[in-house]
Amino acid sequence: AQSVTQLDSQVPVFEEAPVELRCNYSSSVSVYLFWYVQYPNQGLQLLLKYLSGSTLVKGINGFEAEFNKSQTSFHLRKPSVHISDTAEYFCAVTSANNVGNMLTFGGGTRLMVKP
Amino acid sequence: EPEVTQTPSHQVTQMGQEVILRCVPISNHLYFYWYRQILGQKVEFLVSFYNNEISEKSEIFDDQFSVERPDGSNFTLKIRSTKLEDSAMYFCASSVRQVNTEAFFGQGTRLTVV
């Protein structure tokens, strides 16, 4: 079984500042990792994913994340945020050999970008 | 861009009533999923479905729940006798493969049981 911990439930930040949203996971097997974003009153949109290869992955809207196996982390970063980045961000994990492709989600981090 | 479509966007039902939530997955996807998100809580896996069979289900997915692919395009979640605690946002998702790929989510159906 896997678990995901998003250490910050809310992250306030000023526009154009950098931001890091933290994600740590626990798993006894190899995993795939994902970040999804949920804008107000909308569904879940994939930001980026780590399946294999380079540990630094780039996603949409200028976001990137780095997979750190030794620290079991997959933190999300953006060098300069916009007001439009205000949303809920979810880190998710699935076992690399999971038959049902079940995603386990973290509790979410609400990013609040202030002008 | 292809997307997963869910209807209705919001459903209100009385406790004890049956509800059917509908989803149209992306057309070339073969694996289908339902998740739910109770207000203020984590997104939780309910069930995965492939080749007209349930692949995996969580403890939440008890006998009150069922899934079906009644035709070549729709994927439904039925709750037989709704309870107040079934109130949540229900997300449908689909993927082209079982592993080494991402799931694409719909916009969700907000179910309110009164």
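The values are calculated or read from the model by the stated rules, or taken from the named source; none is laboratory data. Given the structure is predicted, the values throughout are model-derived calculations rather than measurements. Backbone-built Cβ (ideal geometry, glycine too); neighbour counts: all protein chains shown. These accessible areas exclude ligands, DNA and RNA; they are computed on the full protein's heavy atoms, side chains included. Shrake-Rupley method; radii C 1.70, N 1.55, O 1.52, S 1.80 Å.
A few comments on the model shown:
- Enumeration of residues in region A:35-76 that are touching a residue at least 40 places away in the same chain (Cβ under 8 Å), touching a helix residue (DSSP H, G or I) at 6+ places or on another chain (Cβ under 9 Å) and open to solvent by less than 30 Å² (accessible area, probe 1.4 Å): A:Val37, A:Leu47
- Looking across region B:68-93 at every residue that is within 14 Å of chain A (Cβ to nearest Cβ) and either open to solvent by 60 Å² or more (accessible area, probe 1.4 Å) or under 10 Å from the mean Cα position of the chain (by Cα) (or both), the one that is farthest from B:Glu18 (Cα to Cα) is identified as B:Ala93.
- A:Thr86 being of a type in the set (Val, Ile, Thr) and within 13 Å of chain B (Cβ to nearest Cβ): no
- Restricting attention to region A:8-34, the residues that are surrounded by 14 or more Cβ atoms within 10 Å (Cβ to Cβ) and farther than 19 Å from A:Thr55 by Cβ total 5.
- Residue-level check: of (1) within 12 Å of another protein chain (Cβ to nearest Cβ); (2) under 20 Å from A:Gln42 (Cβ atoms); (3) surrounded by 13 or more Cβ atoms within 10 Å (Cβ to Cβ), B:Leu21 misses just (1).
- Residue list for region A:25-51, restricted to those being part of a loop (DSSP other than H, G, I, E, B) and of a type in the set (Ser, Thr, Tyr): A:Ser27, A:Ser28, A:Ser30, A:Tyr39
- Inside region A:4-24, residues that are touching a Phe, Trp or Tyr at 6+ places or on another chain (Cβ under 7 Å) and over 17 Å from A:Arg77 (Cβ atoms) make up a count of 1.
- For B:Leu39, the conditions (1) open to solvent by 60 Å² or more (accessible area, probe 1.4 Å); (2) within 9 Å of chain A (Cβ to nearest Cβ); (3) more than 18 Å from A:Ala92 (Cβ to Cβ) are fulfilled apart from (2).
- As a summary of the residue check, B:His29 satisfies the conditions (1) open to solvent by less than 10 Å² (accessible area, probe 1.4 Å); (2) at pLDDT below 95 except for the one numbered (1).
- Scanning region B:42-64 for residues that are surrounded by fewer than 13 Cβ atoms within 10 Å (Cβ to Cβ) and either among the polar types (S, T, N, Q) or within 12 Å of chain A (Cβ to nearest Cβ) (or both) yields B:Asn51, B:Asn52, B:Glu53, B:Glu59.
- Within region B:98-114, the set of residues being more than 7 Å from chain A (Cβ to nearest Cβ) and over 19 Å from B:Thr7 (Cα atoms) comprises B:Thr101, B:Val114.
- Region A:4-24, residues that are part of a strand (DSSP E or B) and more than 11 Å from the chain's Cα centre (by Cα): A:Gln10, A:Val11, A:Pro12, A:Val13, A:Phe14, A:Val19
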